[in-house]
Each structure stands twice: as structure tokens, then as C-alpha cells.
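All remarks here apply to the structure that follows.
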Amino acid sequence: MELSDEILTEISYVQLSKYRIKVMKALEGDVKIPSGIAKDSGIKINHISKVLAELKAHQLVECINPEVRKGRLYRLTDKGEKVSKNLADCSEDI
């Protein structure tokens, strides 16, 4: 499968941070609240919101209930799914 330049650029962006890789992997094929992402990725909760904001700015994750203050649900966007699937080959060394 030929990857677009946009997807390759996003893969590169995500790979610059172990936290971004772990958050993307934790959300693969799933919808989770930040504490669930923290638990599954082994990242402290205080780092999760920053990483989610970065990934959201790149349209890799989305919040499906932004109107609530607690218990926000996050999932990968279609673009995020493509990026995450292609991270698999490169994330073995984490």
C-alpha cells in the first residue's frame, strides 16, 4: 500500500515521541477515557492530556463527547488509524 506524504509526515511526527506512540497504540481500535489510556500505556495521567492535545491538533485523535468535563471519550480518527497501523513496523524498539 502506497502511503501519502501526509500520512508519512504524521508517522514521522508520532515517532518523535514515545508517549505519542504509546497513546496511539492504546487507542487502536478502541474508545477510551484518559485514565484508561494512562493505565494501558503506562504513562502518568498528567502527561496524557498534553499528548492528546498534540495528537488532536494533528487530527489523529478525536474527542467524541467534548461537551462533558469528566469522562471524555477519545478514539483515533481515520487518519489516526492509518498512522497507527503503519507505526507497527517501527515501534518494536520501544
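The values are calculated or read from the model by the stated rules, or taken from the named source; none is laboratory data. In this text the structure is predicted, and so the values were computed from the model without any measurement. Cβ sites come from the backbone with ideal geometry, for glycine too, and all protein chains shown count toward neighbours.
A few remarks follow.
- Odd one out for Ile45, checked against (1) β-branched (Val, Ile, Thr); (2) surrounded by 13 or more Cβ atoms within 10 Å (Cβ to Cβ); (3) modelled with pLDDT under 95: (2)
Residue-wise test of (1) surrounded by 16 or more Cβ atoms within 10 Å (Cβ to Cβ); (2) not hydrophobic (A, V, I, L, M, F, W, C).
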{"residue": "Ser4", "(1), (2)": "no, yes"}
{"residue": "Ser12", "(1), (2)": "no, yes"}
{"residue": "Gly29", "(1), (2)": "no, yes"}
{"residue": "Ser41", "(1), (2)": "yes, yes"}
{"residue": "Val61", "(1), (2)": "yes, no"}
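- Contact map, the stretch 76-94: first residue closer than 18 Å to Lys18 by Cβ and modelled with pLDDT of 85 or more, second residue assigned to a strand (DSSP E or B) and of a type in the set (A, V, I, L, M, F, W, C), Cβ cut-off under 9 Å, separation 6 or more or different chains; pairs are Leu76/Val61; Gly80/Val61; Val83/Leu76; Ser84/Leu76.
- Ala53 within 11 Å of the chain's Cα centre (by Cα), hydrophobic (A, V, I, L, M, F, W, C), modelled with pLDDT of 95 or more and surrounded by fewer than 16 Cβ atoms within 10 Å (Cβ to Cβ): yes
- In the stretch 64-75, the residues that are surrounded by 15 or more Cβ atoms within 10 Å (Cβ to Cβ) and either modelled with pLDDT under 95 or part of a strand (DSSP E or B) (or both): Tyr74, Arg75
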